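Asker: The structure is given below, and queries will be raised subsequently.
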Amino acid sequence: MCRPSDIVSPSIVVESELDDFDADQRLLAMSGVSLVIFTSVGCASCRFAREQLPRLDLNVDRLCWIDAGNNGGVVERYQVFYLPALFVVRDGEFFGALKSRLTRTELNEAVGQALSRIAEELP
């Protein structure tokens with residue numbers, strides 16, 4: 001018989017759920033590289049991202065998930081126009097949006113390119 005305590009998460013990175021109330025505070029306080037991902041329940045690509053990204057060997061310290069449908073304030077600040085939308089934050093500094101296919105190689109390349117940009121304040 002399988003109990004919830006017997007199930008081990010396949011994730012190889014730390015995952016966090018952020019919302020309108022805590023996203024800014026938590027991102028400012030987190031050290032290391034965070035991949036911030038906006039998703040929605042009704043989006044097939046978002047479901048794929050939720051399933052696959054935690055399993056990839058990404059050059060990030062954590063994945064930060066934000067439900068775009070329930071967090072309009074942070075969606076507006078980050079100017080999210082499509083889903084899933086991915087952004088890079090390192091040590092509380094914003095390095096912009098990623099435009100990449102959801103594969104390990106392409107995401108790691110995109111994260112590296114983003115981190116070579118000049119950092120900005122969080123939106």
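Asker: Calculate log10 I(q)/I(0) of the stretch 59-123 for q = 0.13, 0.22, 0.25 Å⁻¹, where I(q) comes from the Debye formula with a single equal point scatterer on each Cα and nothing for solvent.
Answerer: At q = 0.13, 0.22, 0.25 Å⁻¹ the computed log10 ratios are -0.35, -1.02, -1.26.
Asker: Okay, next question. Could you check the simple spin-label distance between residue 21 and residue 116, using points 7 Å along Cα→Cβ, in nm with one decimal?
Answerer: If labels sit at residue 21 and residue 116, their model points lie 4.1 nm apart.
Asker: Scan the chain and report its longest stretch carrying no chymotrypsin sites (Phe, Trp or Tyr not before Pro) that are both in a DSSP loop and have at most 12 other Cβ atoms within 10 Å.
Answerer: 22-80
Asker: Let me see the pair-distance distribution of the stretch 10-115: every alpha carbon pair, 5 Å bin width, integer percents in order.
Answerer: In order of increasing distance, the bins hold 2, 13, 26, 28, 21, 9, 1 percent.
Asker: Of all the stretches in the chain, which is the longest one without any exposed loop site, taking trypsin sites (Lys or Arg not before Pro) in a DSSP loop (any state but H, G, I, E, B) with at most 14 other Cβ atoms within 10 Å?
Answerer: Here the longest segment lacking exposed loop sites spans 1-98.
Asker: Can you give the % of DSSP beta bridges in the stretch 13-85 that are antiparallel, to the nearest 5?
Answerer: Counting only bridges with both partners in the stretch 13-85, antiparallel ones make up about 10 percent.
Asker: Given Cα pairs under 8 Å that are at least 6 residues apart, what percent is the relative contact order of the chain?
Answerer: 30 percent
Asker: Turning to a different aspect of this structure: Count the DSSP beta bridges whose two residues both fall in the chain, then state the antiparallel fraction as a percent rounded to the nearest 5.
Answerer: Roughly 50 percent of the beta bridges in the chain run antiparallel, per DSSP.
Asker: Take residue 104, project a point 7 Å from its Cα along the Cβ direction, then tell me which residues of the stretch 28-61 have their backbone nitrogen under 13 Å from it.
Answerer: So the set is 53-60.
Asker: Would you mind getting me the FRET efficiency between residue 29 and residue 61? Use the beta-carbon distance for r and R0 = 22 Å, nearest 0.05.
Answerer: FRET efficiency, residue 29 to residue 61: 0.95.
Asker: Here's something else I'd like to know. Using only Cα atoms, tell me the angle between helix 104-115 and the longest principal axis of the chain; keep it within 0 to 90° and round to the nearest 10.
Answerer: So the helix axis and the longest Cα principal axis differ by about 30 degrees.
Each value in this text was obtained by applying a stated rule to the coordinates, not by laboratory testing. Just so you know, these numbers come straight off a predicted model, no measurement behind them. Here Cβ is always computed from backbone atoms with ideal geometry, including for glycine, and neighbour counts include all displayed protein chains.
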